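Beneath this line is the structure, given in structure tokens, with notes to follow.
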Amino acid sequence: MKNEGNRKSSSQEYVFKPIGYIESPYRQKFAIPRQPGLVPSARGVIHFYDDFIHADCIRGIEDFSHLWLTFVFHETAAQGWKPLVRPPRLGGNARKGVFATRSTFRPNPIGLSVVELLAVEKKQLIIRGLDLLHGTPILDIKPYLPYSDSIGNALGGYADDKPTSGMSVSFSPEAENTILQQQKAFPELQQLITEVLQQDPRPGYQREQNWEKEYGMHLYEFNIKWRVIGNDNHVISIS
């Protein structure tokens, strides 16, 4: 009878309703940092849907500096999942079990990120350090508690250290001119581009082979093109 109960429990399905969505500078999956907090200049806004926009839902949240966000990998969910995946941290070559990774391709396509809360404005949450695609559905928000959520002696396995590419970032005169023109509306644009490219968003196999080719990404409404030259990401244009 005990096994029968377990089978019933494992087959049960749950339906979740998003409480809101993210307004993010990342308009495509490519170039999103692989973990939260790696690009501090990335700012976003959490917009609540009508059922959850009441001020009482976020009363007291401004007392916390950081928040946990539970969200849906909405753009990759339809691709399904596999028991083994290739973590980008290992160059896309080694296979690890899906539950030993933070792959977006999961049995249940949900993710968890910690972000910094900057302000509460008009019942919206202004955050930074996010690693979420624009429009990502938010399922839940919980405050980050330093005394229990930060574990100093935790082991990180194959990702024990913060990734560093050691790459520099430079800008063409044309790109610098565009940044200057957009300074009022996007004061942190240059810093955001720099921090994203310092993470070296190229696929692992291209980094290993040191391909010198032109790449592109979308941040906000800008199409940013750059070329990898040796150890430098040279921004060619921002349009």
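In plain terms, the chain from residue 34 to residue 220 could stretch by 65.1 nm, reckoned as 0.36 nm per residue minus the Cα-Cα distance. Under 5 Å between amide hydrogens, built in the peptide plane, is the criterion, and for residue 169 it picks out 233 among residues at least 5 positions away or on other chains.
In the chain, the calculated helix contribution to ellipticity at 222 nm averages -4000 deg cm²/dmol per residue, counting -39,500 (n - 2.57) for every DSSP H run with n ≥ 4. Split the accessible area of region 168-238 by element, probe 1.4 Å, and carbon with sulfur accounts for 48%. Could you check which residue among 48, 73, 222 shows the biggest mean-square fluctuation in a GNM of the chain with a 10 Å Cα cutoff? With Cα springs under 10 Å in the chain, the top fluctuation among 48, 73, 222 is at 222. Protein heavy-atom accessible surface, 1.4 Å probe, per residue over the chain: 60 Å².
Between 216, 111, 60, the Gaussian network model of the chain with springs among Cα atoms under 10 angstrom shows the greatest mean-square fluctuation at 60. The charge dipole of region 168-238, taken about its Cα centre with unit charges on the Cβ of Lys, Arg, Asp and Glu (plus for the first two, minus for the last two), comes to roughly 100 debye.
Counting Lys +1, Arg +1, Asp -1, Glu -1, what net charge surrounds residue 159 among other residues with beta carbon under 12 Å of its beta carbon?
Its environment carries a net charge of +3.
For region 100-133, the residues whose amide N sits under 16 Å from a probe point set 7 Å from the Cα of residue 62 along the beta carbon direction are 117-127.
Each peptide among 114-122, 146-154 gets the average number of other Cβ atoms lying within 10 Å of its residues, and from highest to lowest they stand as 114-122, 146-154. Across region 168-238 the C-alpha pair distances fall into 5 Å bins from zero in the proportions 3, 17, 31, 26, 13, 7, 3, 1 percent. For the chain, the dipole from Cβ point charges (+1 on Lys and Arg, -1 on Asp and Glu) about the Cα centre works out to 940 debye, to the nearest 20. The amide H of residue 110, built 1.01 Å from its N in the peptide plane, has 73 as neighbours under 5 Å, considering only residues 5 or more places off or on other chains. Shape verdict for the chain, please, from the Cα gyration tensor: rounded (a/c under 1.5), prolate (a/b greater than b/c) or oblate. Taking the square roots of the gyration eigenvalues as a ≥ b ≥ c, the chain is oblate. Can you tell me which lysines have their Cα less than 27 Å from the Cα of residue 17? Leave out same-chain residues fewer than eight positions away. Straight-distance partners of residue 17: 8, 29, 82, 122, 123, 142. Counting heavy atoms of the protein chains alone, residue 11 has an accessible area of about 80 Å² for a 1.4 Å probe.
The simple spin-label model puts a point 7 Å past each Cα toward its Cβ; for residue 95 and residue 75 those points are separated by 2.7 nm. Using the Cα centre of the chain as origin and beta-carbon charges of +1 (Lys, Arg) and -1 (Asp, Glu), tell me which of 28, 130, 72 is placed farthest towards the positive end of the dipole. Projecting each Cα onto the dipole axis, the largest value belongs to 72. For the pair residue 164 and residue 236, a Förster radius of 25 Å applied to the C-beta separation gives a FRET efficiency near 0.55, rounded to the nearest 0.05.
Across region 106-123, rounded Karplus estimates of 3J(HN,Hα) from the backbone phi angles (6.51 cos²θ - 1.76 cosθ + 1.60, θ = phi - 60°) give 10, x, 10, x, 10, x, 9, 9, 9, 10, 8, 8, 8, 6, 10, 10, 6, 6 Hz, Gly and Pro being marked x.
The values are calculated or read from the model by the stated rules, or taken from the named source; none is laboratory data. As the structure is a prediction and not an experimental result, all values here were calculated from the model. All Cβ positions, glycine included, derive from the backbone under ideal geometry; neighbour counts span all protein chains shown. When the accessible area is computed, the model is the full protein with side chains, heavy atoms only, and any ligands, DNA or RNA have been set aside. Shrake-Rupley method; radii C 1.70, N 1.55, O 1.52, S 1.80 Å.
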